[in-house]
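Participant: The following block contains the structure, expressed as structure tokens.
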Protein chains: 2
Amino acid sequence: MKTVRTRYGPGHCVFTVWAPGKDRMILHIVSPFDGEYEMEKDDEGYFSVRVETDKRPLRYYYKPGAERDYPDPASHYQPEGVHGPSEVVDHDAFRWTDQAWKGIPFEELVFYELHTGTFTPEGTFGAIIPRLGELAETGINAIELMPVSQFPGSRNWGYDGVYLYSVQNSYGGPDELKRLVDACHSKGIAVFLDVVYNHLGPEGNYFGRFGPYFTHHYRTPWGDALNYDGAWSDGVRDYFSDNALFWMEHYHIDGLRIDAIHTIIDNSAVHFWAMLSGRVAAWEKKLGRHLHLVAESDLNSPHVVKTPVFGGYGFRAQWLDDFHHALYVLLDPSGRERYYDFGAMKQLAKAYTDGFVLSGDFVKFRRKKYGASSAGIPGDRFVVFNQNHDQVGNRVDGKRLSLLTGFENLKVAAAAVMLAPYVPLLFMGEEYGDETPFWYFVDHSDPQLVRAVQEGRKKEFANLGFTHYPPDPQDMKTFRGSIIQWDKRHEGRHGILLRWHRELIRLRRGLAPLKNYSKQDVEVELLGEDGFVLLRKWRNERLICLFNLTCRELTYTFPRETKPGLKVLDSKDNRWMQEPLYEDRLLPESPQAGETVAILPFSVTVYHHRQEKGDTSGGPLSTDVADAW
Amino acid sequence: MKTVRTRYGPGHCVFTVWAPGKDRMILHIVSPFDGEYEMEKDDEGYFSVRVETDKRPLRYYYKPGAERDYPDPASHYQPEGVHGPSEVVDHDAFRWTDQAWKGIPFEELVFYELHTGTFTPEGTFGAIIPRLGELAETGINAIELMPVSQFPGSRNWGYDGVYLYSVQNSYGGPDELKRLVDACHSKGIAVFLDVVYNHLGPEGNYFGRFGPYFTHHYRTPWGDALNYDGAWSDGVRDYFSDNALFWMEHYHIDGLRIDAIHTIIDNSAVHFWAMLSGRVAAWEKKLGRHLHLVAESDLNSPHVVKTPVFGGYGFRAQWLDDFHHALYVLLDPSGRERYYDFGAMKQLAKAYTDGFVLSGDFVKFRRKKYGASSAGIPGDRFVVFNQNHDQVGNRVDGKRLSLLTGFENLKVAAAAVMLAPYVPLLFMGEEYGDETPFWYFVDHSDPQLVRAVQEGRKKEFANLGFTHYPPDPQDMKTFRGSIIQWDKRHEGRHGILLRWHRELIRLRRGLAPLKNYSKQDVEVELLGEDGFVLLRKWRNERLICLFNLTCRELTYTFPRETKPGLKVLDSKDNRWMQEPLYEDRLLPESPQAGETVAILPFSVTVYHHRQEKGDTSGGPLSTDVADAW
């Protein structure tokens, strides 16, 4: 890794920095002693120098063109923030205990998206550790940390990060992140990082002083695009692709969720994403454990998850926003104002069977024909969710789904995700229906920038037609008000939802049809505009999942040919109710073939049927399922 | 085709124009009568109106927003140039005689690139017709017209065209182009058009008054990019993809050479090129004749010619500039100043065996790693040439290869192209070694624009280190000086070169190994830095082509295993010499296996060998070859 060559050795330290357009570069060590060192440049534009010293840690700046002090773009630590000196990190010093860790196959993951600053009152990596046991008990086996690269100040979603190799100082820095990853692995939890390769934060961004990181050829929502394909772009491509491997090697990270991949424009013969996925595939073999790349993509293009041989980017999976939109507007009809291309039950059906709902037709929001079909692409190439930081945080009132639909529908929503032929993701606190808002917050030091963020945010909502706005992003209270209320997780309805999620994940792990990602075995039957039947199959097993998303009772007639099997889940069962329901209103435990039943409002019920060879009666549960129970 | 709906009907004429952001649109007929008509808008942003009249031809303007007169962006004819009124063309009126024409399979083509304005003193389509017989006799079966869409003034390469559906008035307009195509088909010649879908010319470009044809998201060498993927881009995509089909339907065009496809940025799920190639494939079936799309691409990406199933753009072929560069710098060593990443004989070998020479390594000219391998892609997916309008016209002195290398090497160069496993292209006049320069010329009416072009051109050459410049592009003499000297084609060395080309094309059509585009059957053996042996195979036949590109004699030993066969071509044969050579210096007609021979300087010699079953001796020529002779 060319970008990652600054490191300690016995009695010395080697420094390397890329600045192809500069004639001179001076290393300026500022702690624990002061000294300047002229660096030497190689053909590829990397400057380096070796300093004989055994003092550690070394803090330093670079002087591009021998002019002014700037932090190292590839700094591994910014102990004093984005404007302060960089610090060389000794990655060999950490004592890992996860030697036996081999990672987790992607299709087995249940994601938990987590913002380090607001997951605990302390807002540190260390404070997450005591909560891992309970997450694991719920069935969660992957946490996905919102970006942790050094951002300005101490409060940020993370998408303003600038020093991509540097772990946020206020979260605890490099060692504390390693402690967290090591602890996760000891509990069987994989760790994903959300990384941002499409722009750099607006504050502390001195990259332009070093090299041609940016290009005028393309514009992004954040200004000039990163230079992924122009002159001297190799150094830029190395900076970002090395970064992916860096986390995997030095922090034992299991996978990356890559932010907004559609905002990188790369007109090269080998697209950056194809290059990156190729490098990660090679490292997967080298490191001997599962490594995954997940894309956030706004393209609705099947190329994202196709392999490079088929002209794809080679991502293991991508977030399936269409699933969220299709489901959310059915749970909260006011959502149709924002997601006005959605609103029909058949769109949710298409989300289950095909993936992309918008796959080529005219889309009002985009004012153009948009997307291509993902039919036939296996379900484990998509990640689905009821909400993530984006949907919650970009609502004017920062509301989670728990405040947008009723308790009964929250159970239905969770089941809709967990019974889907996709890899599920929960947003921290969702598992117990946390009701804290998740606001947008920043902590910039430049007053002009603060004003720009405040006003930009208002304008964004004004453009959407709002006349009131979220609270001031720069205000400390906005950040504090977003810290989730973990302590309530066992109380009342929160406790029910927590157990409900655990139950859903148990079923997901135990029932063979739910582990089958082949889309050939997924069917949806609409019950008008109010509900639907999701059918999941695997060999001789089938699951019939009856969903009613509305306040109207629905009727359903089980097929005449085969027995419906045994009920394995019922959201109206008293175990999952705040107030008990008359049991005679529940769906039968073991309905007859051809029987017509009434599906209660806001409910989900699941039947499991196993057909023995030559036997068409509802068989016993499979061994797997028995284990799950 | 949505864009092509303006047409005459019995006793009426329907007008349609796309302007999604406008509230009003007025049709203003200016000839043969004057009248204004309010148009009606549909959901997709197309305005239309039906005018009851049987007067023809109708000339008109549109008034977007009911404000000012502008020509129709989708005009089929601009009889008075880019600023004048548009004219409705009655495409049904032309009497085609090519009903039996089925086109030509791509792999059989020999291209002839032709600039209508400078191919004849008249500079019209009509003037080309009398020359077709001789082109066909030479073996040329496809002319490729440099762009003919209406450009400003009467002199232009064509890349400043604005009204893409409109045929240049000074070339003879729509009917004369149809006459030319019909005449070509009657002579067995296919017609390709060079079309420009990456920008619109700077003069007479009123497209912005109608709709969002441009986007700020990407920049091109010509300014803001065309809007292929933003809001309302469907109308833009239709405008350009309909245009491709329009030529094929109304002008019986056989294929398009699409200019600089790499300068279109399209971040959609379905890339514009994949959409276009899909539409053309459908029309190929509909029209029942061969239709081809050829790309000019600066990407060195195999995706360009791969099918959309494999994530490709679906072009039938692309120009292989690397072949030109690799060959040209060996013929004219001063070319290394411009093509400084080229210069090694092994690069030419790679051009023959792989295609792209630059396929992933660092390229000085690009200042980055560039390209990807095209090894294994069949040869008929590439078009090769010794020169085209670009290389000649962008030399400071406008020189053709005929003035840059000697007569003997011109024969070698022609053979290097014609014996290559690729589809060949000649630049008008090349077949007889025309020595007229091909300058860059324009005929703008805006003095500011004229100055900008004049100065931009100088700056371009100054940046390349030149201290003298090509003549003034706006000067009529520059244009006149570029008209080729067709009358000299039979004189002296010109006549020899003409017959040499005819001979090469005959061999190409007759020898089975030369019709085999599989790269598995192509080998190159280097003879140091001075020459090479090109081996072409097909089943039991093989061709040994000995190339010496320098003034040094080379030695070559024929393989011991098989007989070398019979000589089928020798550039030193007196038929092809200006002055006779002692015959004893020629390579033997039928060399022995293992025999060592001396290859004369600046020469090409071809042996053909046919191995009978169980017989290793040089067999007789195949039937095909006999036919060719």
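Participant: Which one of B:Ile484, B:Ile505 is touching a Phe, Trp or Tyr at 6+ places or on another chain (Cβ under 8 Å), of a type in the set (A, V, I, L, M, F, W, C), open to solvent by less than 20 Å² (accessible area, probe 1.4 Å) and under 25 Å from B:Leu331 (Cα atoms)?
Facilitator: That would be B:Ile484, the only listed residue that is touching a Phe, Trp or Tyr at 6+ places or on another chain (Cβ under 8 Å), of a type in the set (A, V, I, L, M, F, W, C), open to solvent by less than 20 Å² (accessible area, probe 1.4 Å) and under 25 Å from B:Leu331 (Cα atoms).
Participant: I would also like to ask the following. So which of B:Val280, B:Val294 is buried (at least 24 other Cβ atoms within 10 Å of the Cβ) and under 21 Å from B:Tyr197 (Cβ atoms)?
Facilitator: B:Val294
Participant: Could you tell me how many of the residues in region A:573-594 are touching a residue at least 40 places away in the same chain (Cβ under 8 Å) and surrounded by 14 or more Cβ atoms within 10 Å (Cβ to Cβ)?
Facilitator: Of the residues in that region, 3 qualify.
Participant: Taking A:Asp321, is it out of contact with any helix residue (DSSP H, G or I) (no Cβ under 8 Å at 6 or more places or on another chain) and away from chain B (no Cβ under 13 Å)?
Facilitator: The answer is yes for A:Asp321.
Participant: Please count how many residues of region B:31-64 are of a type in the set (A, V, I, L, M) and at positive phi. Steps first, please.
Facilitator: Kept after step one, since they are of a type in the set (A, V, I, L, M), are these residues of region B:31-64: B:39, B:49, B:51, B:58.
Within this subset, residues satisfying the condition of being at positive phi are none.
Result for region B:31-64: 0.
Participant: Could you list, in sequence order, the residues of region B:551-572 that are assigned to a loop (DSSP other than H, G, I, E, B) and either open to solvent by 30 Å² or more (accessible area, probe 1.4 Å) or within 15 Å of B:Leu600 (Cα to Cα) (or both)?
Facilitator: Scanning region B:551-572 gives B:Cys551, B:Arg552, B:Glu553, B:Pro559, B:Arg560, B:Glu561, B:Lys563, B:Ser571, B:Lys572.
Participant: Cβ contacts < 6 Å: first residue touching a residue at least 12 places away in the same chain (Cβ under 8 Å), restricted to region B:49-61; second residue of a type in the set (D, E, K, R), any location; separation 6+ or different chain. Result?
Facilitator: Correct list of pairs: B:Pro57/B:Glu87; B:Arg59/B:Glu87; B:Tyr61/B:Asp69.
Participant: I'm trying to understand the selection: among the residues of region B:573-590, which are assigned to a loop (DSSP other than H, G, I, E, B) and among the hydrophobic types (A, V, I, L, M, F, W, C)?
Facilitator: Within region B:573-590, B:Met577, B:Leu581, B:Leu586, B:Leu587 qualify.
Participant: Scan region A:248-259 for residues that are among the small types (Gly, Ala, Ser) and open to solvent by 10 Å² or more (accessible area, probe 1.4 Å) and jot them down. Break it down stepwise before answering.
Facilitator: So the first thing to find is which residues in region A:248-259 are among the small types (Gly, Ala, Ser), and the list is A:255.
Selection gives nothing.
Participant: Is region A:239-247 home to any residue that is in a loop (DSSP other than H, G, I, E, B) and either closer than 26 Å to A:Tyr70 by Cβ or open to solvent by less than 10 Å² (accessible area, probe 1.4 Å) (or both)?
Facilitator: Scanning region A:239-247 turns up no residue that is in a loop (DSSP other than H, G, I, E, B) and either closer than 26 Å to A:Tyr70 by Cβ or open to solvent by less than 10 Å² (accessible area, probe 1.4 Å) (or both).
Participant: Now for a separate question. Would you be able to say whether some residue in region A:70-77 is surrounded by fewer than 23 Cβ atoms within 10 Å (Cβ to Cβ) and more than 29 Å from the chain's Cα centre (by Cα)?
Facilitator: Yes, region A:70-77 has at least one match.
Participant: Give the residue that is nearest to the other protein chains (Cβ to nearest Cβ), with candidates limited to residues of region A:206-221 that are in contact (Cβ under 8 Å) with a residue 60 or more places away in the chain and in a loop (DSSP other than H, G, I, E, B).
Facilitator: Here the answer is A:Pro212.
Participant: Can you give me the ranges of the helices (runs of 4 or more DSSP H) entirely in region A:116-204 with at least 2 residues that are crowded, with 24+ Cβ neighbours inside 10 Å?
Facilitator: Details: elements: A:116-119, A:125-128, A:132-138, A:173-186.
Result: A:116-119, A:125-128, A:173-186.
Participant: Among (1) more than 21 Å from A:Asn516 (Cβ to Cβ); (2) open to solvent by less than 10 Å² (accessible area, probe 1.4 Å), which single condition is A:Asp530 missing?
Facilitator: (2) is the only condition that A:Asp530 fails.
Yes/no per residue for (1) closer than 23 Å to A:Trp319 by Cα; (2) not basic (Lys, Arg); (3) not in a helix (DSSP H, G or I):
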residue: A:Phe441; (1), (2), (3): no, yes, yes
residue: A:Gln454; (1), (2), (3): no, yes, no
residue: A:Phe466; (1), (2), (3): no, yes, yes
residue: A:Gly495; (1), (2), (3): no, yes, no
residue: A:Leu504; (1), (2), (3): yes, yes, no
residue: A:Val524; (1), (2), (3): yes, yes, yes
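Participant: Going through A:Tyr340, A:Tyr328 one at a time, which residue ends up being over 20 Å from the mean Cα position of the chain (by Cα) and of a type outside the set (A, V, I, L, M)?
Facilitator: A:Tyr340
Participant: Separate question: Among the residues of region B:351-373, is there at least one that is more than 13 Å from every other protein chain (Cβ to nearest Cβ), under 20 Å from B:Cys545 (Cα atoms), assigned to a helix (DSSP H, G or I) and more than 22 Å from the chain's Cα centre (by Cα)?
Facilitator: So far as region B:351-373 goes, yes, one or more of its residues are more than 13 Å from every other protein chain (Cβ to nearest Cβ), under 20 Å from B:Cys545 (Cα atoms), assigned to a helix (DSSP H, G or I) and more than 22 Å from the chain's Cα centre (by Cα).
Participant: Among the residues in region A:510-517, are any at pLDDT below 95, over 14 Å from A:Val604 (Cβ atoms) and touching a strand residue (DSSP E or B) at 6+ places or on another chain (Cβ under 9 Å)?
Facilitator: Taking every residue of region A:510-517 in turn, none turns out to be at pLDDT below 95, over 14 Å from A:Val604 (Cβ atoms) and touching a strand residue (DSSP E or B) at 6+ places or on another chain (Cβ under 9 Å).
One line per residue, one yes/no per condition, for (1) within 14 Å of chain B (Cβ to nearest Cβ); (2) under 21 Å from A:Asp160 (Cβ atoms):
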residue: A:Arg257; (1), (2): no, yes
residue: A:Ile264; (1), (2): yes, yes
residue: A:Val270; (1), (2): yes, no
residue: A:Met275; (1), (2): yes, no
residue: A:Ala282; (1), (2): no, no
residue: A:Leu287; (1), (2): no, no
residue: A:Leu299; (1), (2): yes, no
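Participant: Kindly indicate the residue of region A:332-346 that is within 21 Å of A:Arg395 (Cβ to Cβ) and in a helix (DSSP H, G or I) and also least open to solvent (accessible area, probe 1.4 Å) among those meeting that condition.
Facilitator: Out of the qualifying residues, it is A:Gly335.
Participant: Which residue out of B:Val309, B:Val392, B:Val329 is at the interface with chain A (Cβ under 9 Å from one of its Cβ atoms), outside any loop (DSSP other than H, G, I, E, B) and in contact with a helix residue (DSSP H, G or I) (Cβ under 9 Å, 6 or more places away or on another chain)? Quick ask: steps written out before the conclusion?
Facilitator: Values: B:Val392 fails: at the interface with chain A (Cβ under 9 Å from one of its Cβ atoms); B:Val329 fails: at the interface with chain A (Cβ under 9 Å from one of its Cβ atoms).
Answer to the selection: B:Val309.
Participant: Now for a separate question. One residue is enough: does region B:462-476 have a residue meeting the conditions of a type outside the set (Gly, Ala, Ser), modelled with pLDDT of 95 or more and open to solvent by less than 20 Å² (accessible area, probe 1.4 Å)?
Facilitator: Scanning region B:462-476, I find at least one residue that is of a type outside the set (Gly, Ala, Ser), modelled with pLDDT of 95 or more and open to solvent by less than 20 Å² (accessible area, probe 1.4 Å), so the answer is yes.
Participant: Could you tell me which residue of region A:529-550 is nearest to A:Leu327 (Cα to Cα), considering only residues that are touching an Asp or Glu at 6+ places or on another chain (Cβ under 7 Å) and part of a loop (DSSP other than H, G, I, E, B)?
Facilitator: A:Leu549
Participant: Then there is this: Under the condition of being among the acidic types (Asp, Glu) and touching a residue at least 12 places away in the same chain (Cβ under 8 Å), which residue from region A:380-420 is most open to solvent (accessible area, probe 1.4 Å)?
Facilitator: Across region A:380-420, the extreme among qualifying residues is A:Asp397.
Participant: If you go through region A:222-238 one residue at a time, how many are at the interface with chain B (Cβ under 10 Å from one of its Cβ atoms), of a type in the set (Asp, Glu) and either part of a strand (DSSP E or B) or surrounded by 22 or more Cβ atoms within 10 Å (Cβ to Cβ) (or both)?
Facilitator: Final tally of qualifying residues: 1.
The values are calculated or read from the model by the stated rules, or taken from the named source; none is laboratory data. Owing to the predicted nature of the structure, the values given are computational and were not obtained by experimental measurement. Heads up, the Cβs are rebuilt from the backbone with ideal geometry, glycines too, and the neighbour counts pull from every protein chain shown. The accessibility values were calculated without ligands, DNA or RNA, using every heavy atom of the protein model including side chains. Shrake-Rupley method; radii C 1.70, N 1.55, O 1.52, S 1.80 Å.
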